[in-house]
Amino acid sequence: MRKKGLGRGLSELISGEALARSRAVLEVHVDKLEPNPFQPRQGLDDESLEELTLSIETHGVVQPVIVRPTEELEVYQIIAGERRWRAAARAGLQTIPCIVQEADDEKTLELALVENLQRDDLGPLETAHALRYLVQEFGLTQEQLSEQLGRSRSTIANMLRLLDLPEPVKQALAERRISQGHARALLSLSAEPERMIALLERIEADDLTVRHTEALARDADEPDADQEAGEEPPPAPQPTDPHVEEVKRRLRDQLGTKVTVLPRAKGGGTIHITYHDVEDLDRILSLIAPGGPRSYTTLE
């Protein structure tokens, strides 16, 4: 199998620099577009898709979709931007702006994988599968992936290690019942799958922090590095307060995301609200602080 690195113009195309040099942005009818068969995303979250639909209804499609010609006249296959296309159709748009890119199947796969990776559109396991495919099919090293994607080599290595997790842990991670930090902590128990699953159950039952999970994953006979440094060990989970649990449940149901309530002994406390990307942040803000600007982290 022929091995090669990523195309030189790939990052420019994805970042939009190629758009400025493009001869034209075509308006293509939504019915004349077909999805990418190499799409690395394993599913499109209906809730976030609805948020994008509302945004497109208000602002239109700001960034063109990248497509390639098909054998059928005036029909194009999406390389990058399937979510925008689906949201535009749901919003009732008849056409959508597109940039036509000549690409064979191999280049289409390459573009689809890296476009998602650079935009952080993939979940941890989808990212790990995409990285492994780039390694296996394109012969890229972890160092090359690090340079191409702008991520540290250790980040690449840790992502790939997620594929070694047993299925129950992968499912919990895919369903966002645990974070990537929890999953990495559980990886230290790879030689003890039963203990790993037991700790997974405790993470969910007691809402353990990543730091506490890391501490519990260590061998009981191994001294805690934090204790050696003179720091106190992570506190053991306290018995759950039914009133606090009810508050957490109501907030989670209302916001549709993980919420942690940390009351203080003398009154007051802290509420932690988890969001997974810019679109998720916009969705939560629309629920608790409607009327403000969207995409705070991308405003210039």
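In region 167-213, what trypsin sites (Lys or Arg not before Pro) fall in a loop by DSSP, with at most 15 other Cβ atoms inside 10 Å?
For trypsin sites (Lys or Arg not before Pro) across region 167-213 that sit outside H, G, I, E and B with at most 15 neighbouring Cβ atoms in 10 Å, the list reads ARG176, ARG177.
Ranked by Cβ crowding within 10 angstrom, fewest neighbours first, how are SER146, SER286 ordered?
The fewest-first ordering by Cβ neighbours comes to SER286, SER146.
Determine the sum of side-chain charges near PRO193: Lys and Arg each +1, Asp and Glu each -1, restricted to other residues whose C-beta is under 12 angstrom from that of PRO193.
Once all neighbours under 12 Å are counted, the net charge is -3.
Taking 41 Å as R0, compute the FRET efficiency from the Cβ-Cβ separation of LEU187 and THR58 and round it to 0.05.
It comes out at approximately 0.45.
Roughly how many nanometres apart are two label points built 7 Å out from the Cα toward the Cβ at GLN171 and GLU50?
The answer from the label model is 2.5 nm.
Only counting other Cβ atoms within 10 Å, I'd like ASP207, ASP241 sorted with the fewest neighbours first. Intermediate results must be reported in sequence, preceding the final value.
Values: ASP207 16, ASP241 12.
Ranked by crowding around the Cβ, least crowded first: ASP241, ASP207.
Name the long-range amide H neighbours of THR257: under 5 Å, sequence gap of 5 or more, or other chain; modelled H, no Pro or chain starts.
Close amide H contacts, sequence-distant or interchain: none at all.
Fewest first, what order do ILE156, ILE96 take by the number of other Cβ atoms within 10 Å?
Ascending number of Cβ neighbours within 10 Å: ILE156, ILE96.
Residue-wise, which Karplus ³J(HN,Hα) couplings in Hz belong to region 129-137, taking 6.51 cos²θ - 1.76 cosθ + 1.60, θ = phi - 60°, and x for glycine or proline?
The phi angles translate into 5, 5, 4, 4, 5, 4, 5, 6, 8 Hz.
Under a Cβ-Cβ cut-off of 14 Å, what is the net charge of the residues other than GLN142 that fall near it, where Lys and Arg count +1 and Asp and Glu count -1?
+2
Past 27 Å, Cα to Cα: identify those pairs from LYS107/LYS170; LYS32/LYS170; LYS170/LYS258, in the order given.
Among LYS107/LYS170; LYS32/LYS170; LYS170/LYS258, the Cα-Cα distance tops 27 Å for LYS107/LYS170; LYS32/LYS170.
Relative to the present Cα-Cα distance, how much length would full extension add between THR70 and ASP206 at 0.36 nm per residue of separation?
43.7 nm
Read-outs throughout are calculated quantities, based only on the coordinates presented, and are distinct from any laboratory measurement. Treat the numbers as computed from the prediction; the structure is a model and nothing was measured. As a convention, Cβ positions derive from the backbone with ideal geometry for all residues, glycine included, and neighbour counts pool all protein chains shown.
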